[in-house]
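Dropping the structure in here first, questions after.
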Amino acid sequence: MTTKDLQCLLTYLKDGGGSFYKGRIDGLPGPLTKGAVESFQRRAGLPVTGEADEETWDAIRKAVAEGLPEQKQEDFWQEIQYFTPEEFRCKCGGLYCGGFPHPIQ
């Protein structure tokens with residue numbers, strides 16, 4: 001996964017005061033990206049390093065697929081008029097990635 005993927009997913013995931021990542025999706029690993037990763041790690045009960053290691057990626061994938069405890073994925077899709085979550089699922093059938101929705105290219 002790329003830094004841009006990380007920024008997109010952390011923008012999608014919300015924690016109380018809004019998205020974890022609040023910057024511009026630019027693919028650059030700067031202080032906003034590191035801060036968003038740290039916030040997510042803290043919220044997910046992971047070691048807070050600011051680095052998107054494999055454990056952090058797994059937790060992000062799980063949060064996107066299942067939602068954070070107080071945020072369900074359906075909340076996001078209620079605002080989408082012309083698409084369904086199934087249209088954004090990976091074609092691998094969950095074999096490699098859990099089938100979570102990918103950001104629009």
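The values are calculated or read from the model by the stated rules, or taken from the named source; none is laboratory data. On a predicted model such as this, the values are computed, not experimentally measured, just so you know. Glycine gets a Cβ as well: all are built from the backbone with ideal geometry, and neighbour counts include every protein chain shown. We work out accessible area using only protein heavy atoms, side chains counted, and drop any ligands, DNA or RNA first. Shrake-Rupley method; radii C 1.70, N 1.55, O 1.52, S 1.80 Å.
Tell me which residues, restricted to the range 48-87, are in a loop (DSSP other than H, G, I, E, B), open to solvent by 80 Å² or more (accessible area, probe 1.4 Å) and modelled with pLDDT of 90 or more. Can you show your working first?
Step one: filter the range 48-87 for residues in a loop (DSSP other than H, G, I, E, B), giving 48-53, 67-72, 78-84.
Still in the running and open to solvent by 80 Å² or more (accessible area, probe 1.4 Å): 51, 69-70, 72, 78-79, 81-83.
Hit for the range 48-87 is Glu51, nothing else.
Could you grab me the full set of residues in the range 17-45 that are part of a loop (DSSP other than H, G, I, E, B) and without any contact (Cβ under 8 Å) to a residue 24 or more places away in the chain? Break it down into steps so the answer makes sense when it comes.
We begin by selecting, within the range 17-45, every residue part of a loop (DSSP other than H, G, I, E, B); these are 17-18, 20-30, 45.
Once the filter is applied, which keeps residues that are part of a loop (DSSP other than H, G, I, E, B) and without any contact (Cβ under 8 Å) to a residue 24 or more places away in the chain, the range 17-45 yields Gly17, Gly18, Phe20, Tyr21, Lys22, Gly23, Arg24, Ile25, Asp26, Gly30, Gly45.
Turning to a different aspect of this structure: For the range 47-67, what are the residues that are of a type in the set (Val, Ile, Thr) and either more than 17 Å from Cys8 (Cα to Cα) or over 10 Å from the mean Cα position of the chain (by Cα) (or both)?
Val48, Thr49, Thr56
Shifting gears a bit: Residues to consider are Ala36, Ala44; find the one that is within 14 Å of the chain's Cα centre (by Cα), modelled with pLDDT of 65 or more, of a type in the set (A, V, I, L, M) and farther than 15 Å from Thr2 by Cβ. Quick ask: steps written out before the conclusion?
Numbers: Ala36 fails: farther than 15 Å from Thr2 by Cβ.
Answer to the selection: Ala44.
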